[in-house]
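The values are calculated or read from the model by the stated rules, or taken from the named source; none is laboratory data. Since this is a predicted model, take the numbers as computed values, not measurements. Methodologically, a virtual Cβ is constructed for each residue, glycine included, from the backbone with ideal geometry; neighbour enumeration extends over all protein chains shown. Please note that ligands, DNA and RNA were not included when accessible areas were found on the heavy atoms of the full protein model with its side chains. Shrake-Rupley method; radii C 1.70, N 1.55, O 1.52, S 1.80 Å.
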Amino acid sequence: MKKNLIILLITIIGIFAFSQDMRKTLLVYTKGYSEATGLLESELNRRISYLGKYKLVDKDDLLFRDILGNLNSNINQSNLKELNVDAIVFVDVTDSYQNSYIDKNNYLWWDFKLYVNYKLINVQNGDVLESKRFTGSGTSYTKLASTGFFTSSNSSYVMKQARDQAVGEVTGNIVSKLNMLFRIKADMNSNIVNDFVKINKGKNYGVYNGMIFQFVKEFDGKMITDGKLVVKQVRENESVLRILEHPRAFNINNADYVIEAPYELAIRALFDISYLNKGLKDHGVSFAFAIDNYEGLYLGGNFEYNYNINYNMISIAFRLGYILDMNDFAITPNIGLGVVSKLYSEDFSDDSFAVTPGLKLDYFFNKNIGLTTEIGYDFNFGFNGNPIDNKLKLSAGLELRF
C-alpha cells in the first residue's frame with residue numbers, strides 16, 4: 001500500500017514538474033511624458049500576450065515599484081535580481097510630434113510621430129541584450145464640411161487614428177525584435193512521416209499554432225538554417241509540425257534540430273517574366289505575380305503585351321489555380337479571368353472578356369530561381385459585338401520564388 005502511494009506521489013510530482021510553464025517571463029516598463037506612453041505600454045502588453053510565447057508580469061505590483069523607480073539611473077543594480085522575470089522590455093518615449101493642416105481640397109490631415117528608445121535588459125546580470133531607437137509615424141485625414149469648419153470630435157478622431165498608427169508601428173518593431181532574440185529551439189523526437197514531424201517543445205515553451213520553424217545543421221561552428229515548417233498541433237510539451245519546404249543545403253535526415261523563424265510566413269510569393277506568343281504569330285511579354293499558401297491554393301494576376309503589325313494587344317487578368325509542389329518541380333493547373341484590348345493604329349480598339357484555362361510547369365535550380373513554361377487558351381467574348389479570335393497561348397521564362 002505504502003509502495004503504491006509513493007509511486008503515485010512520484011508520478012504526480014513528475015507530471016507537475018514536466019508540465020510547468022517554461023516560457024520566458026517579461027516585464028514591460030515604459031516612461032516618458034508623451035500622451036502616447038501609456039497607450040504604447042498597453043499595446044505592447046496586448047501584442048505580447050496575444051502571441052502566447054511569453055509570460056507577462058504586471059509592473060504595478062507593489063513588489064516592483066521601488067526597483068523600477070530607479071531602473072533608468074542604474075540598470076546594473078543588484079536588486080534587479082529580486083524581480084522574478086527573465087528580462088525587462090524598457091521603453092523610453094523621448095519625444096512625440098503632431099501637426100494638423102487643411103489641404104486645398106478641404107481635407108483635414110493629422111500627422112503624428114513617436115520617438116522611442118528601446119532596451120531589453122537581462123535581469124540576472126543587468127546586461128543590455130539589445131538597444132534600438134525606433135520612430136513611429138501615422139497619418140489620418142477627414143473631409144471637412146463645405147463651410148471649411150470641423151468639429152472637435154472630427155479632429156480628435158483623425159488625431160487618434162494617426163497616433164494609433166504610430167504606436168502600432170513602434171509596437172510591431174519591438175515585438176519583432178523580441179521574437180528574433182528569443183527564438184525557440186527544439187529537437188525532433190519522431191521520424192518524418194508524410195512531411196509531418198514531432199518536436200519536444202509545446203505550449204509550455206511558447207509554441208503556438210502557425211509558428212514557423214526552420215531546420216538547422218551545425219557545421220564547423222556555423223549554424224546553417226534551411227527549409228520551412230509550420231506548427232499544426234500544439235500540446236503542453238510537444239508539437240506537430242508540417243514541412244512546407246525541404247532543406248536544400250543539407251539532407252533533411254541530418255538536421256540537428258529546428259529553430260523558430262519569426263520573419264518567415266506560411267505563404268510565398270512568385271514573380272514571372274516570360275516571352276509570350278498568342279496564336280503562333282503575336283509575340284510579346286508577360287509579367288505575373290502570385291501567392292501560394294503551401295496547401296495548394298494559388299492566387300495571382302498577370303499583365304500581357306503582344307505586338308502585331310496591325311495592332312497592339314494588352315491583357316490584364318486575375319488567376320486562380322492549384323499548385324502541386326514537388327520541391328524542384330511544380331505543376332499548376334489554373335484559370336484566368338480578365339480583359340483583352342486590341343489597340344489598332346487608327347485609334348480604334350476591340351475589347352473583350354477572356355477566360356483562359358492553362359497549365360503551368362516550373363523547374364527550380366535552387367530555392368528562389370527557376371524556369372517556367374505555360375500553355376493556355378484564350379476564349380474571348382467581345383463587349384461591342386465584334387468577333388475576337390480565340391487564341392492558343394504559349395509562354396516561357398524565368399520565375400522567382402520567395
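When region 149-217 is described by a simple charge dipole with +1 on each Lys and Arg Cβ and -1 on each Asp and Glu Cβ, the residue from Tyr205, Ser155, Ala166 located farthest towards its positive end is Tyr205. For a straight C-alpha distance cut-off of 18 angstrom, the aspartates and glutamates reachable from Lys55 (same-chain residues fewer than eight places away being disregarded) are Asp21, Glu41, Glu43, Glu82, Asp86, Glu236, Glu260. Loop-located trypsin sites (Lys or Arg not before Pro) in region 96-195 (DSSP state not H, G, I, E or B) with no more than 10 neighbouring Cβ atoms inside 10 Å: Lys104.
If you sort Asp282, Asp21 by accessible surface, 1.4 Å probe, largest first, the order is Asp21, Asp282. Cα centroid separation, region 300-346 to region 81-121: 45 Å. Geometric descriptor of region 190-265, per residue, is 91 Å³ (volume of the convex hull of the Cα atoms).
Looking at region 284-349, the chymotrypsin sites (Phe, Trp or Tyr not before Pro) that sit in a DSSP loop and have at most 14 other Cβ atoms within 10 Å of their own Cβ are Phe348.
Applying the Karplus relation 6.51 cos²θ - 1.76 cosθ + 1.60 with θ = phi - 60° to region 273-282 yields 3J(HN,Hα) values of 9, 9, 6, 10, 10, 10, x, 6, 9, 8 Hz, where x marks Gly and Pro. For GluC sites (Glu not before Pro), the sites in region 298-402 that DSSP calls loop and that have at most 14 other Cβ atoms within 10 Å are Glu346.
With a Cα cut-off of under 19 Å and a minimum spacing of 8 residues unless on different chains, the lysine pairs in region 131-247 number 18.
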